[in-house]
1. With a cut-off of 8 Å between alpha carbons and a minimum separation of six or more residues, what is the relative contact order of the chain in percent?
2. In sequence order, what are the phi-derived ³J(HN,Hα) couplings for the range 71-88 according to the Karplus relation 6.51 cos²θ - 1.76 cosθ + 1.60 with θ = phi - 60°, rounded to whole Hz, with x for glycine and proline?
3. Using the Cα gyration tensor of the range 265-397, with a ≥ b ≥ c the square roots of its eigenvalues, what is the shape: rounded (a/c below 1.5), prolate (a/b larger than b/c) or oblate (neither)?
4. Treat every Asp and Glu Cβ in the chain as -1 and every Lys and Arg Cβ as +1, leave all other atoms uncharged, and give the resulting dipole magnitude about the Cα centre to the nearest 20 debye.
5. Within the set of other residues whose C-beta is less than 13 Å from the C-beta of Ser259, count the net charge using Lys and Arg as +1 and Asp and Glu as -1.
6. Give me the net charge for the shell around Gln281: Cβ to Cβ below 11 angstrom, other residues only, Lys and Arg +1, Asp and Glu -1.
7. With every atom except the alpha carbons ignored, what do you get for Rg and Dmax of the range 181-332, in angstroms?
8. Please report, in whole Å, how far the alpha carbons of the range 115-253 spread along each principal axis, starting with the longest.
Amino acid sequence: MMAAVFAAGNGGSVTVFEKNQKIGRKLCITGKGRCNLTNNCDVKTVISNTPTNGRFLYSALTRFSPADTMNFFEENGLPLKTERGGRVFPVSDRAYDVADTLLRAARREGCRIIFNAVSDIIIENGEVKGVVSGGKRYDFDRIIIASGGCSYPLTGSTGDGYAFAEKAGHTIVPLKPSLVPLITAEPIDSEADKLLIKNAALTVYDMKNGGRRIYSDFGELQFMHYGLSGAVILSASAHLREMESGRYRISIDLKPALSEEKLDARLLRETGARHTETMPQLMRSLLPAGMVGMFVRMSGVPASRKCSELTRTERRRIAALLKDFSLTIEGFRPIEEAIVTSGGVSVKEIDPRTMESRLVRGLYFAGEVIDVDAYTGGFNLQCAFSTGALAGSGNGG
C-alpha cells in the first residue's frame, strides 16, 4: 500500500492486486490488534535492530525514515502515540485504523484496487511486461512485488512472491521463522499451559560456544504446552540464528526484583512461618499456582517435604532455581506461527538505491519478501514502509 501511494504520487498509473477481499489483513493483526507501526528512533537505530541485512536498508531508511512514517500517518488523519521502547501506535489502539489510512491515501492518489490474486508475471527480453490475474493479462512497465512472507498464511501470506522472484531468475535465501515461539526439551505441565509471567528476566546462552550469553531481556513470557511464547521469547528467537536441538539454553529469573541474599532471607521467613506446610504449599506463596508442580519437580525436592524439614542445601537449591529456571530449546514452532519470515529474495540481486531487480528491468521488491528481518518494536513494519516508499518512487526519482 505504501508502494502504491508513492508510485501514484510520482505520476504512475497504479493498480494494486489484492488476493483477499479486504486489504491489509495481516497488518490488522499486528501488535495484538493495536499495530506497532514504527519505532520513534533514528535511522541508525533501525539498522542496528535489523540483524539480517540491515545495512542494505540505508538508502530506503534515509529516504523514508521513522519520522517520515509518523508524519505520513498523522498528515493522513491518524494520531499516533509513543510508548515504552519507542514503540509507536495509533492513539485509537486499532490496527484497522492503520490499514484504513493507507487505503484512503491510495484511493486519494487514484490507485485502482483489484481484489484478485496474480497467478503469473510476464517477462520478455529481460524486462517486465505485465501480470496475469483471473485469467486476464494486464500490461505494465513496472511491477512491485510486495506480497509478504510465509507467516500467518491465513492472511494471504502464502509465499507467492518467492515463486514470482524465482521465475525472474532471483535467488531465494532459505526461509525460516523469526519472532516465533520456541519448543523446549523439558515438558510443560498442563497446569502451566498459557500461564503468563508479566515480569521475568530472561537470558539466552549458546551452549555450543561455551555457554556464551547472547541475549537478555525483561518483560512478559508465556508458558505453552510446547514450550515458551510471549514478547521476550519472540524477541529472543530472532537471536537464535543457527538453530540446533539443544544448542540454546534459556534462563528465566522468576524473582528479578530480589537479589540472591534477599531471596534467601525471604525463603527463611516463609519456611519459618509455614513450618508444617509441604513443598508445594510453600511454593504457592512464591509462584503462580500453575507453575508449582513443574517447579517442585525440577527442584528435586520431594513434594512431601515439610518446610521444617528443608535442609540448607535444599533451600539454596530452591533459591537458585527461582533465579535460574532453565529450559533447553529444541527448536522453533512452525513458520506459520512466526510473526516474520527470515530469508527471501537475495539482497545481492536488488539495487538498494531503488529496490529494482538487478536481473529484470522494471521489477521491484518491497517488504518481507526481501531477505531482511528485524527485532520486535516496530522495526519490521518500518522496513516494509521504507522499502515500499522507495520502490514506489521509481528509480529513486
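Coordinate-derived values only; no laboratory data. Quick caveat, the model's predicted, so the values are computed rather than measured. Virtual Cβ from ideal backbone geometry, glycine too; neighbours counted across all protein chains shown.
1. Over the chain, the number comes to 26 percent.
2. Whole-Hz 3J(HN,Hα) from phi for the range 71-88: 5, 4, 5, 5, 5, 9, x, 10, x, 10, 9, 10, 10, 3, x, x, 5, 10.
3. Judged from the Cα gyration tensor, the range 265-397 comes out prolate (a/c at least 1.5, a/b above b/c).
4. Computed about the Cα centre, the dipole is about 720 debye.
5. Once positives and negatives cancel, what remains is 0.
6. For residues surrounding Gln281, the net value is +2.
7. 15.7, 49
8. Extents along the principal axes: 59, 33, 23 Å.
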